[in-house]
């Protein structure tokens, strides 16, 4: 009995078993960690799991999608040489997570037959279709029309640039050219509007001079093109602005443009004895000077270079002006008011300095000082509510013309400001048409079937 008890296990207390378990557990953990260092990691990871870590030598393109790899520090020279031999970048930029995009749906290729400019009557291809065809996985053919260079300005006698509404337009005709045929200034060009289908010649000419303050505006802003539908040839001329050249450069440019048109009167079909000059604001001021001064003014200097740029063409004889129309025009620069006497005003910039200090130049630039008995008929249109150019300028000018025996007409538009409307239905436009029909005689108007 004693020997049997020797072979039976002796009972152990629970406290002793727990103590020995805690002593064995670190040994088991260490064994597992040691095994992890020697056993490949693939045994502990799923097959579809790819791991990226800091200092990963693989290129950025091989990094799994959705994994952000922070920029690593630049390695040693040995690491750089090793990366170069393996054609691997030393420092890869961080990779941003990009959501997966489903592959595009395969569609049969199609060809875009034609491409038409916007605004054409029928457009067969839209911008969305062009981009969708270009991004298609299959090749698509897009046939674009060849790019045509800009056409040069039309020369006298050539076909019109555009014919719309019964009006033939000849744009950017140069004047005041150098020996190479180019204008001395980019603004020395004019546009000509002619009634289409009128080949008999003898049309009256209306020359429009744009405004408003001698340093802005363009020949493209011509509100009287509708006169071409009334049988008149209309020329809109550009000139050097006051920030480029001081007075009388603007007046000389207007004369040179009219003389250039006069050289081709037979080509354009214009009657040189029926020429009227019309302008608004600063353009009206220049129109009055063109009609009231027959001889060229003293030679001027270009503001940019200071050199005299007068040519023999400037000294040529100006065609006889048959009528003048000035709309909201400053005709007496010395009496415009204190706000115009400052150096930065438009009138002061025109003459080259403050009006009180350049009083003699301001008087030469004032149409009221050039009135004579042989002046052509003059129409003055002014708004009663004009705050830029006082209406008294037109009233005093009309009185001076009548005192000299000049045929003059004054039209004051009630409740109208500095820029009255000059279209066919506006009172100002009606006044101009009535005046031109009376003085020049109406032109050929095919739409009305009426001879002049």
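Values computed for the structure shown
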item	result
Segment 362-449: relative contact order in percent, alpha carbon pairs under 8 Å with at least 6 residues between	29 percent
Length released on extending from residue 76 to residue 177, taking residue separation times 0.36 nm less the Cα-Cα span	29.3 nm
For segment 168-439, the spread of Cα positions along each principal axis, largest first, Å	52, 45, 32
Percent of beta bridges antiparallel (DSSP, segment 168-439, rounded to nearest 5)	30 percent
Extension reserve of the residue 266-residue 342 stretch, reckoned as 0.36 nm per residue once the Cα distance is removed	22.7 nm
Added length on full extension, which subtracts the Cα-Cα distance from 0.36 nm per residue, residue 244 to residue 372	43.0 nm
Relative contact order of segment 168-439, defined on C-alpha pairs under 8 angstrom at six or more residues apart (%)	16 percent
Separation of the residue 407 and residue 438 label points, Cα + 7 Å toward Cβ, nm	0.9 nm
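Here, each number is a calculation from the coordinates, and none is a lab measurement. The structure displayed is predicted, hence computed values, not measured ones. Note that each Cβ is placed from the backbone with ideal geometry, even for glycine, and that neighbours are counted across all protein chains shown.
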